[in-house]
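The values are calculated or read from the model by the stated rules, or taken from the named source; none is laboratory data. Everything numeric in this text was worked out from a predicted model, so none of it was measured. Neighbour counts run over all protein chains shown; Cβ positions are idealised from the backbone, glycine included. The area values use the complete protein model at the heavy-atom level, side chains included, leaving out ligands, DNA and RNA. Shrake-Rupley method; radii C 1.70, N 1.55, O 1.52, S 1.80 Å.
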Amino acid sequence: MRIDVLTILPHLLESPFSDSIMKRAQEKGHLELVIHNIRDYSTHRQRSVDDYQYGGGAGMVMTIQPIADCIEQLQEEREYDEIIYMTPEGKRLDQGTCNQLSGSKNIIIICGHYKGIDQRLRDIYVTKEISIGDYVLSGGELAAAVLVDAVVRLIPGVLNNETSALTDSFQDNLLAPPVYTRPEDYKGHKVPEVLLSGNEKKIQEWRFQKSIENTKKNRPDLLED
Ligand code: 6GU
């Protein structure tokens, strides 16, 4: 998969993708990630990327020209499945959307700042608007990093058996069960007996029960449908 991210703060996106699974996904050729500095595309004499909003009001708006030129340049080279705009006004990200996006070939992600991008960019280019939750971040970069991480780990071949996505929380609309490792007894806090029993069927049943309990306690909304 190729992901092009458009941002005015490219360095904010460097470290989340230079370690661990995201790094390996790129080394193994599952992910080609290209970060574009929107400012580099500005034809303005001071390379500006924002302007005052029509109608008045506090806060700047990101202008059409640099973002549109960047998108059009990319579209000349390949076809994009989705052009995503990261915004708190978007549809809340969930595992289903991540699964769907993980099947894409090429996507563009636009990170907003200030009051956001000119509405006409949304009307003309954007195919999906995504939020990562009901709170406001200073910019779309951290949200884009969350989206890319959640999507890329689902690309077949990115995870190995040890990091398998199949037993993740949400993959079956349930939260994951608790996990334990050595020691068996930590200052009197013991690992549940069943996990030491070697009885695969009992262990599966226990894990399922714990998943339901965790979900009931923390996310009852997931059990509603
Ligand atoms: Cl995608 N952007 C910003 N700025 N804030 C957010 C968000 C996105 N998702 C939740 N809060």
| said: How large is the translational diffusion coefficient of region 9-106 in µm² per second when you combine the Kirkwood radius over alpha carbon pairs with Stokes-Einstein at 20 °C and 1.002 mPa s? | reply: 131
| Short version: ³J(HN,Hα) in whole Hz for each residue of region 192-205, in order, from phi by Karplus 6.51 cos²θ - 1.76 cosθ + 1.60 (θ = phi - 60°), x for Gly and Pro, what are they? | x, 3, 4, 6, 9, 6, x, 8, 4, 5, 4, 5, 4, 4
| field | Greater than 29 Å apart at Cα, pairs in Lys190/Lys217; Lys28/Lys217; Lys28/Lys210; Lys23/Lys115; Lys105/Lys216; Lys91/Lys115 | value | Lys28/Lys217; Lys28/Lys210; Lys23/Lys115; Lys105/Lys216
| request: Using 0.36 nm per residue of separation minus the Cα-Cα distance, give me the extension gain between Arg219 and Asp69 in nm, one decimal. | output: 49.7 nm
| remark: Taking Cα pairs closer than 8 Å and at least 6 residues apart, the relative contact order of region 169-224 in percent is 46
| For region 172-225, what is the accessible area per residue in Å² when the probe is 1.4 Å? | 84
| request: Keeping the other protein chains in place, figure out the carbon and sulfur percent of the accessible area of region 2-152, with a 1.4 Å probe. | output: 47
| Cα lying deepest toward the dipole's positive end in the chain, options Ile67, Gln100, Ala165, charges on Cβ | Ala165
| Dipole of region 169-224 (Lys/Arg Cβ +1, Asp/Glu Cβ -1, origin at the Cα centre): which of Pro183, Asn218, Gln204 lies farthest to the positive side? | Pro183
| query | If you stretched the chain out fully between Met60 and Leu166, how much longer would it get, using 0.36 nm times the residue separation minus the C-alpha to C-alpha distance? | reply | 33.8 nm
| When the Debye formula is applied to the Cα atoms of the chain, each taken as the same point scatterer, what base-10 log of I(q)/I(0) results at q = 0.16 Å⁻¹? | -1.13
| Where is the GNM fluctuation largest for the chain (alpha-carbon springs, 10 angstrom cutoff): Glu184, Glu205, Glu14? | Glu184
